[in-house]
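The values are calculated or read from the model by the stated rules, or taken from the named source; none is laboratory data. It should be emphasised that the depicted structure is a prediction, and the values quoted were computed from it without experimental measurement. As a convention, Cβ positions derive from the backbone with ideal geometry for all residues, glycine included, and neighbour counts pool all protein chains shown.
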């Protein structure tokens, strides 16, 4: 069991614990004796305050075991540790990319399950660090409450998604209608149960530490659950809004590593000593070029550009539509300096390619700060990686720390610059209404269209 030592002026053997004199009193004065509760409070303040620890007081977490397959260890045994790590990372990276392509081929639903699985694993890795650091205090219900809150937040967010995108399916199932109708009340009741359990679990002398852990859990939920929910929201806008941002972050991670490995000389940031300016700059240009090309290739196919919709008649997700103008070739006039370089005045591009430059730029310039944030977190708790799930890479969180900033940016970008009214979503919501409500909306819409001159008023006989 890990041991945490409180660095303070603890009494020696046989010494009595006496609170310090109050302001204006001399030690041993004749003032009124403090009550028992006041003494207990002072003792708690002196010996129970755990937030007075410095970084050096945080215990080191035992290093994770090496999970590299034995066949790889034998094959690379003659190489230096630097090149051995390079080959292990490279082989595992290619393996993960291949699996990612396979899941893309399997469709949108499998991608959603992948996002959910990554979210749960990232949450587990971060919560496990908190449990290992503070395990010696045996805080009651800490892990149980953490998973309870994860269940509550997921139930809330994914229930909202079901209500928005699966309205026609829900309408046919009476049990689901009840759950959707009272979804927010049920979500609040579940969270309230966890909140009450937390209050009942409070233990004297560990109050402040337990509130630290309560905050730890909720910040972890903010980082993992809400961001993965945004990833799925982006996916419903079209698989291209999922693939280009995520692949841009992956491309930046790989190319920055390669440029830094072969050409890196200048340290970039103290939080990550291995990061270099050469890797950062090389990764930026490579990512922008990659995003531009990937956007061109994916924009050609309905499978990637059409919004993901659930069809109740076939009971599955479909990606069929007439591509919007965003994914139709347009002709653009080039600026003068590009005309001289390319020796042509006009060029045909998909408008999405222009948006891909913004996405790639964010992935390469701002996305790495998610990694720097994770590096600072790991240094604070004296660990190299969040876990040892992937040999040569660390934990799942080590590979997806930059993706969470990217997910938020893409969602904000879509809502700010791209998304307009969604007719299919409005129609789904109308179909859920009662017949009288649908008829009133029909009459209101008809009157509005007649006033606009779009419809001709009916002739009275």
Subject >> Count of region 76-85 residues which are closer than 18 Å to residue 262 by Cβ, loosely packed, with under 11 Cβ neighbours inside 10 Å and in contact with a helix residue (DSSP H, G or I) (Cβ under 9 Å, 6 or more places away or on another chain) >> reply: 1
**OP:** Could you tell me which of the residues 210, 227 is in a helix (DSSP H, G or I) and either within 30 Å of residue 101 (Cβ to Cβ) or not assigned by TED's automatic domain parsing to the domain that holds residue 100 (or both)?
**Re:** 227
Original post:
Restricting the search to region 208-256, which residues are in contact with a strand residue (DSSP E or B) (Cβ under 9 Å, 6 or more places away or on another chain) and at pLDDT below 90?
Top reply: 236
Subject >> Single match in 260, 194 (criterion: part of a helix (DSSP H, G or I), assigned by TED's automatic domain parsing to the domain that holds residue 351 and touching a strand residue (DSSP E or B) at 6+ places or on another chain (Cβ under 8 Å)) >> reply: 260
**OP:** With a cut-off of at least 1 residues that are over 25 Å from residue 103 (Cα atoms), name the helices (runs of 4 or more DSSP H) lying wholly within region 268-370.
**Re:** 277-298, 336-342, 351-365
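For every residue, the table says whether it meets (1) at pLDDT below 95; (2) over 18 Å from residue 254 (Cβ atoms); (3) crowded, with 17+ Cβ neighbours inside 10 Å.
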| site | (1), (2), (3) |
| --- | --- |
| 273 | yes, yes, no |
| 287 | no, no, yes |
| 291 | no, no, yes |
| 305 | yes, yes, yes |
| 309 | yes, yes, yes |
| 312 | yes, yes, no |
| 316 | yes, yes, no |
Original post:
residue 416: under 30 Å from residue 358 (Cβ atoms), modelled with pLDDT under 90 and part of a helix (DSSP H, G or I), yes or no?
Top reply: no
**OP:** Quick one: which residue in 88, 118, 103, 129 is at pLDDT 85 or above, farther than 16 Å from residue 228 by Cβ and either touching a helix residue (DSSP H, G or I) at 6+ places or on another chain (Cβ under 9 Å) or surrounded by 15 or more Cβ atoms within 10 Å (Cβ to Cβ) (or both)?
**Re:** 129
Original post:
Which is within 30 Å of residue 357 (Cα to Cα) and in contact with a helix residue (DSSP H, G or I) (Cβ under 9 Å, 6 or more places away or on another chain), of 206, 218, 229, 183?
Top reply: 229
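Conditions (1) under 17 Å from the mean Cα position of the chain (by Cα); (2) in contact (Cβ under 8 Å) with a residue 12 or more places away in the chain, marked per residue:
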position: 328; (1), (2): no, yes
position: 335; (1), (2): no, no
position: 347; (1), (2): no, yes
position: 353; (1), (2): no, yes
position: 408; (1), (2): yes, yes
